[in-house]
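Asks: Structure provided below as structure tokens; questions to follow.
The values are calculated or read from the model by the stated rules, or taken from the named source; none is laboratory data. Everything quoted here is computed from the prediction, not taken from an experiment. Quick reminder, even Gly has a Cβ in these numbers, built from the backbone with ideal geometry, and neighbours come from all protein chains shown.
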């Protein structure tokens, strides 16, 4: 009979098989009411799950991340339940949990309207209020196919028919609605109280453009109303910060159909690019990297040796010349190996660090393109370190320190570090993987860093560290990486002469801090809502003349500041000063410098910040000192 071990270390003995719900009730009525699911020996299960052996158990409530996933999954089923009640002819397909919510795909004879969404959401609330039990059952596969075919649910029948015949089919029923699902689900619909439907979009059945276009209803669900309100506020803020809107408003860049996924940088946007690139170039120099440049197009034979032609060809732009196949590089790694191979290397040369602002092109699906965040043509702050295995740890320490300093300078103070560990399948021996993963952990430990681990999510050639940046409205962006690669150097013939006079392949560390400059600038635009700190701002200040009498003085101030190295413009138009101030405020400039007769006579400028704060009159020297202080602090 089962002994149940609880998270606090205590144990409970039962003289008969017991459900998760019964264990929760034995602990207390409060926990029994709050229970959404159970975690039995690491697997999340329904509260109706029967435990008939010794096991560890944690009761899952809405305070747990797993509990929130169960709420969202169950709310997706509640959505399908409501749709079938209001639109009986609709066919249900799949409804998974996604970040911050869920979706469900439907086949229906006409598009769902905003009014339909409102009606569906209302019906969901009514069904939840009925607090109907959510009951799990099993059925043989072939019986389940017939069952759903008989209901007219052809998509569900197709899904079930693709499941191996020896696997039991689990179904969940709530009221008059029954659905195919592995679960787990909440014990009753009354647990689902805080949700909202967000939008309808198109989605091909099974993601294949040859199949029918379905209607995907997106929704979000939370444990508490204040969590939903906070999420909706983040969504509203995200719309305000959309880099595509701000890119147009601030005249930074544009995209057009004649060059899908390629960016046209305008002068102000290119100014931001140059600041980022030159800053990162300085990081290269201080960190012992030698900057290199590789060809954009390389022969097919090289991509075959690296493995990209066999495994990545569909994402590569290819061309042909004189009966030779070529590819535009989607990444810089093979080129850097060619530079390493251009000379005989000794162990004394290692670690050897190359860096390149390498332009790459990837044939991303057109539907996946998204402003600067997902493009086909991009430039990386790409670097590769060729080293010995016993040098990995010290390189990790150096890279982590660099990366955290860079993120702090760009205004990202909340950075989550993760290590992606060995996947299945993978290349290389277990001993190599043990050593590489230990080196990553030891390097982060030496930095005093905290991290989480992602089992099975490493690349097939080696583990990697990931840096996830949280922006000013709480969104997480994966940015930099440090990847260990045992495979590519050997595949491409890279060798060094070790101390024992034996030629050996080096370990290759792939590293990037900001990654794609396009994507990183898109992140910066949204993080700062277009209001860049002085050091990044494409125009750092504008000098505004109040009258024609002060125009020459205003122009002189602008020229003096430009001569001191600042990005400054003069606005000498014969317009009201209030109009000029309002116009430049919309451009989110850090400073506006206003000159009238009083400032002309006193050889000063009236200084106004982006927030509208009036700093009063300053001499040119005092203003330059303030600017330089801001630049040094990167405020």
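Asks: Which one of these is crowded, with 18+ Cβ neighbours inside 10 Å and part of a helix (DSSP H, G or I): 631, 600, 593?
Replies: So the residue among 631, 600, 593 that is crowded, with 18+ Cβ neighbours inside 10 Å and part of a helix (DSSP H, G or I) is 600.
Asks: Also, quick follow-up: Step by step: first the residues of the range 156-170, then only those that are under 34 Å from the mean Cα position of the chain (by Cα) and surrounded by fewer than 20 Cβ atoms within 10 Å (Cβ to Cβ), then the one that is farthest from residue 207 (Cα to Cα). Which residue is that?
Replies: My answer is 170.
Asks: While we're on this one: Only residues that are part of a helix (DSSP H, G or I) and more than 18 Å from residue 459 (Cβ to Cβ): list them for the range 320-339, please. Talk me through it step by step, then tell me what you get.
Replies: Here is the first cut: in the range 320-339, the residues part of a helix (DSSP H, G or I) are 333-339.
Passing the criteria: 335, 338, 339.
Asks: Looking at 25, 119 in this structure, which one is in contact with a helix residue (DSSP H, G or I) (Cβ under 8 Å, 6 or more places away or on another chain), surrounded by 13 or more Cβ atoms within 10 Å (Cβ to Cβ) and either more than 30 Å from residue 157 (Cβ to Cβ) or at pLDDT below 95 (or both)?
Replies: Details: 119 fails: either more than 30 Å from residue 157 (Cβ to Cβ) or at pLDDT below 95 (or both).
Only one candidate qualifies: 25.
Asks: Does residue 356 count as in contact (Cβ under 8 Å) with a residue 60 or more places away in the chain, under 26 Å from residue 280 (Cα atoms) and either in contact with a strand residue (DSSP E or B) (Cβ under 7 Å, 6 or more places away or on another chain) or surrounded by fewer than 18 Cβ atoms within 10 Å (Cβ to Cβ) (or both)? Let's see the steps before the verdict.
Replies: Values: in contact (Cβ under 8 Å) with a residue 60 or more places away in the chain: yes; under 26 Å from residue 280 (Cα atoms): yes; either in contact with a strand residue (DSSP E or B) (Cβ under 7 Å, 6 or more places away or on another chain) or surrounded by fewer than 18 Cβ atoms within 10 Å (Cβ to Cβ) (or both): yes.
Yes: the conditions hold for residue 356.
Asks: Show the residue pairs meeting these rules: Cβ distance below 6 Å; 6+ apart or different chains; first residue within the range 483-505 and within 19 Å of residue 395 (Cβ to Cβ); second residue modelled with pLDDT under 90 and assigned to a loop (DSSP other than H, G, I, E, B).
Replies: Close Cβ pairs (under 6 Å, with a partner that is modelled with pLDDT under 90 and assigned to a loop (DSSP other than H, G, I, E, B)) amount to 485/461; 486/428; 487/427; 487/461.
Asks: When the range 387-420 is examined, which residues are found to be surrounded by fewer than 19 Cβ atoms within 10 Å (Cβ to Cβ), more than 18 Å from the chain's Cα centre (by Cα) and in a strand (DSSP E or B)?
Replies: none
Asks: Something else: Only one of these conditions is not met by residue 175: (1) crowded, with 20+ Cβ neighbours inside 10 Å; (2) farther than 25 Å from residue 231 by Cα. Which number is it?
Replies: Evaluating residue 175 over (1) crowded, with 20+ Cβ neighbours inside 10 Å; (2) farther than 25 Å from residue 231 by Cα leaves (1) as the failure.
Asks: Among the residues of the range 506-525, write down those that are out of contact with any strand residue (DSSP E or B) (no Cβ under 8 Å at 6 or more places or on another chain) and either farther than 21 Å from residue 282 by Cβ or assigned to a loop (DSSP other than H, G, I, E, B) (or both).
Replies: Scanning the range 506-525 gives 522, 525.
Asks: Something else about it: In this structure, is residue 608 in a loop (DSSP other than H, G, I, E, B) and surrounded by 12 or more Cβ atoms within 10 Å (Cβ to Cβ)? Let's see the steps before the verdict.
Replies: Numbers: in a loop (DSSP other than H, G, I, E, B): no; surrounded by 12 or more Cβ atoms within 10 Å (Cβ to Cβ): yes.
Answer is no for this residue.
Asks: In the range 188-211, how many are surrounded by 21 or more Cβ atoms within 10 Å (Cβ to Cβ) and outside any strand (DSSP E or B)?
Replies: 3
Asks: Ok, one more. Name the helices (runs of 4 or more DSSP H) wholly inside the range 267-319 in which the number of residues that are at pLDDT 95 or above and closer than 19 Å to residue 360 by Cα is 2 or more. If you could, list the steps in order and put the result at the bottom.
Replies: Values: elements: 267-286, 300-306, 308-312.
So the answer is 267-286.
Asks: Same structure again: Of the residues that sit in the range 483-503 and are assigned to a strand (DSSP E or B) and at pLDDT below 95, which one is farthest from the chain's Cα centre (by Cα)?
Replies: Among residues in the range 483-503 that are assigned to a strand (DSSP E or B) and at pLDDT below 95, the one farthest from the chain's Cα centre (by Cα) is 485.
Asks: Among the residues that make up the range 217-231, is at least one of them at pLDDT 95 or above, surrounded by 20 or more Cβ atoms within 10 Å (Cβ to Cβ) and assigned to a helix (DSSP H, G or I)?
Replies: no
Asks: Are any residues in the range 534-575 assigned to a helix (DSSP H, G or I) and either out of contact with any helix residue (DSSP H, G or I) (no Cβ under 8 Å at 6 or more places or on another chain) or closer than 24 Å to residue 269 by Cβ (or both), and if so, which ones?
Replies: Matches in the range 534-575: 548, 551, 552, 554, 555, 556, 558, 559, 561, 562, 563.
Asks: Moving on to the next point. Of the residues in the range 241-258, how many are surrounded by fewer than 20 Cβ atoms within 10 Å (Cβ to Cβ), touching a residue at least 12 places away in the same chain (Cβ under 8 Å) and more than 24 Å from the chain's Cα centre (by Cα)?
Replies: 2
Asks: Now a separate question. Out of everything in the range 44-56 that is over 17 Å from residue 186 (Cα atoms) and touching a strand residue (DSSP E or B) at 6+ places or on another chain (Cβ under 7 Å), what residue ends up being surrounded by the most Cβ atoms within 10 Å (Cβ to Cβ)?
Replies: In this case the residue turns out to be 51.
Asks: Is it the case, given these coordinates, that residue 135 is in contact with a helix residue (DSSP H, G or I) (Cβ under 7 Å, 6 or more places away or on another chain) and either at pLDDT 95 or above or under 24 Å from residue 122 (Cα atoms) (or both)?
Replies: Working: in contact with a helix residue (DSSP H, G or I) (Cβ under 7 Å, 6 or more places away or on another chain): no; either at pLDDT 95 or above or under 24 Å from residue 122 (Cα atoms) (or both): yes.
No, not satisfied.
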